[in-house]
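Values quoted throughout were computed directly from the atomic coordinates according to the rules given, and no laboratory measurement underlies them. Computed from a prediction, not measured in an experiment: that's the story for all the values here. With ideal geometry, Cβ positions are generated from the backbone for all residues, glycine too; neighbour counts draw on all protein chains shown.
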Amino acid sequence: MNNIERIEKLVVFQNLYNREKEIKNLYAEEEKKVDKFKQENDSLSFTKNEMTINVNEMNKKINEELGKRDEINKRINSLDEGKDKIKIARQIKSWEKEMEKQQQELSLIQAQIDYDTSKQLEIKNELEKILTKIEENSKKTEELENHINSITKEHKGELEEIESKKDQIRTDFDIQFIEYFESLLKKTNGFAIVEVDQDACAGCFTVLPTILQGELGESMKAEDIEIHQCPHCFRYLFYQSWFEK
Ligand SMILES: [Zn+2]
């Protein structure tokens, strides 16, 4: 394989790379959105788990408080039932004192129950919102993925063909060279090999040094043609007319 053939293959490789990119661009936006929704749902799920633990712990606490309230109510009832049996004034006084104490405890525990219940309700409402959001995100993700799938399905044959042609060309070059060329394709957004346009690199528009111009002429003999890079942007250079040789 001579250098003209090599250069021609690099141009074909570049065209394949760009066509592949063009197809992938058809759903690049959707892929970005899918990533965003998935990330958001990961962090929402984390919050959801923490809140669920919180709600369960509060359930436990409220149940304990309800148990205490039952105890107090029982004591109050039994005080009520025993009231008639008390005849002595001193005992009545101590009964009243005990009753007052129990009533106070009852109102304290009731206030605690009310507070914790409303707090728990707030968390439950927040949790409900998070669950709705997670569901919405999952639905949107699914729709986007269906859209992406329909595009990739439509272009499946072409993408496979591109990949196999690229693989074929890769075997024609040193692995190091082709890996470098591919990284250059990425870096230059698909323009790693460009034409020389009036002695300038068509990639970065820098006029090439005179010495390089001498080695790159349009009218060079096929066997003298070498693969050169622009000294400024490192893109590979060629003349379209070389391919007609
Ligand atoms: Zn350049």
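Amide H contacts for residue 200 (H built 1.01 Å from N in the peptide plane; partners 5 or more residues away or on another chain; cut-off under 5 Å): 208. When the Gaussian network model of the chain links Cα atoms closer than 10 Å, the mean-square fluctuations of 158, 105, 145 top out at 105.
Checked against a 28 Å cut-off, the cross-linked pairs 60/85; 48/156; 36/186; 68/129; 61/85; 36/60 give Cα-Cα distances beyond that limit for 60/85; 48/156; 68/129; 61/85; 36/60.
As a proxy for reagent exposure, ranking 141, 132 by other Cβ atoms within 10 Å from fewest up yields 132, 141. Distance from the alpha carbon centroid of segment 1-61 to that of segment 145-203 works out to 20 angstrom. Each label point was placed 7 Å from the Cα along the Cα-to-Cβ direction; for residue 152 and residue 207 their separation is 5.0 nm. Calculated FRET efficiency, residue 40 to residue 96, Cβ-Cβ distance, R0 = 41 Å: about 0.10 to the nearest 0.05.
Each stretch of four or more DSSP H residues adds -39500 (n - 2.57); spread over every residue of the chain, this sum gives -26500 deg cm²/dmol at 222 nm. Against the chain, whose longest principal axis comes from its Cα atoms, helix 89-154 is set at around 20 degrees.
Please state the shape class of segment 118-240: rounded when a/c is under 1.5, otherwise prolate if a/b exceeds b/c and oblate if not, all from the C-alpha gyration tensor. Cα axes put segment 118-240 in the prolate bin. Only the Cβ atoms of Lys and Arg (+1) and of Asp and Glu (-1) were treated as charged; on that basis the dipole of the chain about its Cα centre amounts to roughly 1920 debye. Listed values for segment 182-190 are Karplus-derived 3J(HN,Hα) couplings in whole Hz (6.51 cos²θ - 1.76 cosθ + 1.60, θ = phi - 60°), namely 5, 5, 5, 4, 5, 5, 9, 6, x, and x replaces Gly and Pro. Working from Cα pairs under 8 Å separated by at least six residues, relative contact order for segment 28-154 is 55 percent.
Considering only alpha-carbon pairs that sit under 8 angstrom and 6 or more positions apart, the relative contact order computed for the chain is 29 percent. With distances taken between every two different alpha-carbon atoms, segment 33-190 has a Kirkwood hydrodynamic radius of 23.0 Å. Packing-based ranking of 194-206, 160-172 yields 194-206, 160-172, ordered from highest to lowest mean Cβ neighbour count within 10 Å.
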